[in-house]
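Trainee: First the structure, which I've put down as structure tokens, then a few questions once you've had a look.
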Amino acid sequence: MSASASISRMQQAIIAYIQANIPKDTNKARLGTVNGNRVTIGNKSYPYTPAVDMYFGDGSQVYCILPDKGNRAAVVGVR
């Protein structure tokens, strides 16, 4: 098997894995409200981790993404 054929098969395997395991809306930021050590987005509550150093507190509205299949929110911005 040639090197280019091996690379092509590897690319196809990576694409198939991503499509099967990463939700399509992962990178869409959602607006949530901070409540203690959790953020509420819609009617669900998630533990969160700030993506960068920023200030916010209880009641703050924040923009979040859900990178790991919705088990934890990453706060990416403050409204």
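The values are calculated or read from the model by the stated rules, or taken from the named source; none is laboratory data. What you see is a predicted model, and the numbers here were worked out from it, not measured in a lab. For neighbour counting, all protein chains shown are included, and Cβ atoms are generated from backbone atoms with ideal geometry for every residue, glycine included.
Trainee: Which residues, counting only those in the range 53-79, are acidic (Asp, Glu) and more than 8 Å from the chain's Cα centre (by Cα)?
Mentor: If the condition is that a residue be acidic (Asp, Glu) and more than 8 Å from the chain's Cα centre (by Cα), then Asp53, Asp58 are the ones that fit.
Trainee: What tally of residues in the range 26-57 results from selecting those that are more than 20 Å from Lys69 (Cβ to Cβ), at pLDDT below 95 and surrounded by 15 or more Cβ atoms within 10 Å (Cβ to Cβ)?
Mentor: The number of residues fulfilling the criteria is 1.
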